[in-house]
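Notes to accompany the following structure.
Just so you know, all these numbers are worked out from the coordinates, no wet-lab data involved. All values derive from a computational prediction rather than experimental measurement. Because the Cβ atoms are built from the backbone with ideal geometry, glycine has one as well, and the counts that use them run over all protein chains shown.
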Amino acid sequence: MLKILIPVDSSNESRYAIKHVIHRVWTGEALDIHLIHVQPRLSRYVAWFVGRFVARSDRQAFYVKRSANAFDAAGKLLDRAGLRYSVHVSLGDLSREIVRYAESNRFDGILMASARLGSVSEMILGSVTAKVLRTSRIPVEVVPASARARLRSYAGPTGVAACLLGLLYAALS
């Protein structure tokens, strides 16, 4: 039985990874499914400021509510499919925590969905999936997201090309 880690958040993209793992199980593959939700830590200065005005219990309740929202959609899909799973919550840098948790708990693989930002957008904005791919020593399977995300992958480079052509036209005029 393969032990697999699926990072989830409240976005639609993580649902594609869940649907993919359900399909894999239905086709006969034995998987031990674990979900992880990583929340970014507040910066030191924001934490100091918030800490002065917001009680620790309220901050913890905030983190619990955000994690519950992230696990809600994934859990419903897995429950409907009749699959067992475990959930884990972590705080810190998203990609670093995903890789750290997977490697320290000896997972056989990480399954993630990609938003397909496109190479230019990914280079500018960064991508959690790309960082996990670069830093993980265990296999990472990337599931493509919706067809609508494909349109976004063309929008960034097209916008950059249109801007460059506009500058070129202005320079030649």
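How high is the FRET efficiency from residue 165 to residue 100, r the C-beta distance, R0 45 Å, rounded to 0.05?
Calculated value: 0.55.
Separation between the residue 131 and residue 27 pseudo-spin-labels, each 7 Å from Cα along Cα→Cβ, expressed in nm?
3.1 nm
In whole Hz, what ³J(HN,Hα) sequence does region 97-106 give by Karplus (6.51, -1.76, 1.60; θ = phi - 60°), x for Gly and Pro?
Listing the rounded values in order: 5, 4, 5, 4, 5, 5, 6, 6, 9, 6 Hz.
Count charges around residue 109 for me, please; just the other residues with Cβ under 12 Å from its Cβ, Lys/Arg as +1, Asp/Glu as -1.
Residues near residue 109 contribute -1 overall.
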